[in-house]
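Structure first, commentary second.
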Amino acid sequence: MILKNATEESYFEKNIMGKYTTAILIFIFIIISLSTINNSAAAEVMVTPTRLVLENNQRSAVVRLINTDDKEATYRITFSQKAMTEAGDIINVKIPEKREDRLDNFFAQDLIRYSPRQVVLPPAQTQLIRLQIIKPAELKEGEYRVRLLFQEIPSALKTDSEGKDTKDNQPVIMLRPIYGVSIPVIIRHGQTWAEVELKELDLVKKDDKDVLNFQFIRSGNRSVYGDIVVLYSNVNENGEMIEKTLAEVRGVAVYNDIEQRNYKVILNNTEDIDLKEGRLEIIYRRPLSEGGAILARKQLEL
């Protein structure tokens, strides 16, 4: 009797369950790709501005979400907390469960209310995401940061149009990427300041390219953000001053997670100059849209 029941159960599991259950189950492995705005083409979505900074007296802001695809798409809007390493990598960080712990770590999510949280956008249409800043009375001075993440929600996945079993009664394994675009949202409260220096300049040759290595050294309770320009100058054999721009890099940040960031710039337009003599100068300045004030500069005698 026991043997009979065991045999029947084994037959049921191997034949009935094996034939039908595995045929109708779809295992969806979701590959989450969290990118900056530079990958918006892959996500077929555009977000502006690409960086949002709210100073003391600013209590609201608007972000525009644009569907650049030719198909309707659904987007979910959430928070994502990141940190910067000394190598400049942006990594995920664990978010504390308690609100007071999040604020102690200068995470901004508890200071922001936004709507809508999910939108359906027809092709080439724009949705305004409205943010409201709420600061508690006991909030300590400093810079609070979070990333606003826009993720496309994939449409429902189906079997064949008639709902029949898959070929050879095999389970279907589908890889469906979920693309995301995120922007930093920075809230500054009270007296905030920052200073930055450029140190440890070193010109090296790597893979037949001239590379300038250096360090940002940041102090203060806020991040810095700006553009890099590398200039070359030298006096030629005729006594004439030669000046060239060898590199320009826009949108380089040093967040308040770190005091030092290691950086490297590949130099261009070096074919007709001798980098064994002359002078290199790095200038780190605010974006021209913010006035272009110089934040730091450093020279390297060759």
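Check whether at least one residue in the stretch 138-152 is without any contact (Cβ under 8 Å) to a residue 40 or more places away in the chain and outside any helix (DSSP H, G or I), and report yes or no.
yes
The rows are residues; the columns are (1) among the charged types (D, E, K, R); (2) in contact with a helix residue (DSSP H, G or I) (Cβ under 6 Å, 6 or more places away or on another chain); (3) closer than 15 Å to Glu152 by Cα; (4) not assigned by TED's automatic domain parsing to the domain that holds Arg218.
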{"site": "Asn57", "(1), (2), (3), (4)": "no, no, no, yes"}
{"site": "Val63", "(1), (2), (3), (4)": "no, no, no, yes"}
{"site": "Glu72", "(1), (2), (3), (4)": "yes, no, yes, yes"}
{"site": "Asp89", "(1), (2), (3), (4)": "yes, no, no, yes"}
{"site": "Lys98", "(1), (2), (3), (4)": "yes, no, no, yes"}
{"site": "Phe107", "(1), (2), (3), (4)": "no, no, no, yes"}
{"site": "Ile112", "(1), (2), (3), (4)": "no, no, no, yes"}
{"site": "Ser115", "(1), (2), (3), (4)": "no, no, no, yes"}
{"site": "Pro122", "(1), (2), (3), (4)": "no, no, yes, yes"}
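Could you list, in sequence order, all residues of the stretch 194-232 that are farther than 11 Å from Val254 by Cα, outside any strand (DSSP E or B) and among the polar types (S, T, N, Q)?
Listed by number, the list holds a single entry, Asn221.
Filter the stretch 52-67 for residues that are more than 19 Å from Pro116 (Cβ to Cβ) and within 21 Å of the chain's Cα centre (by Cα) and give the result.
Val53, Leu54, listed by residue number.
Looking at Ala87 and the list (1) free of Cβ contacts under 8 Å to residues at least 12 places away in the same chain; (2) over 25 Å from Gln127 (Cα atoms), which single condition is not satisfied?
Unmet for Ala87, out of (1) free of Cβ contacts under 8 Å to residues at least 12 places away in the same chain; (2) over 25 Å from Gln127 (Cα atoms): (1).
Is it the case that Ile95 is outside any strand (DSSP E or B), surrounded by 11 or more Cβ atoms within 10 Å (Cβ to Cβ) and either modelled with pLDDT under 95 or small (Gly, Ala, Ser) (or both)?
yes
Can you tell which of Lys264, Lys276, Lys298 is within 14 Å of Tyr232 (Cα to Cα) and modelled with pLDDT of 95 or more?
Lys298
The values are calculated or read from the model by the stated rules, or taken from the named source; none is laboratory data. Since the model is a prediction, treat every value here as computed from it, not as a measurement. Virtual Cβ from ideal backbone geometry, glycine too; neighbours counted across all protein chains shown.
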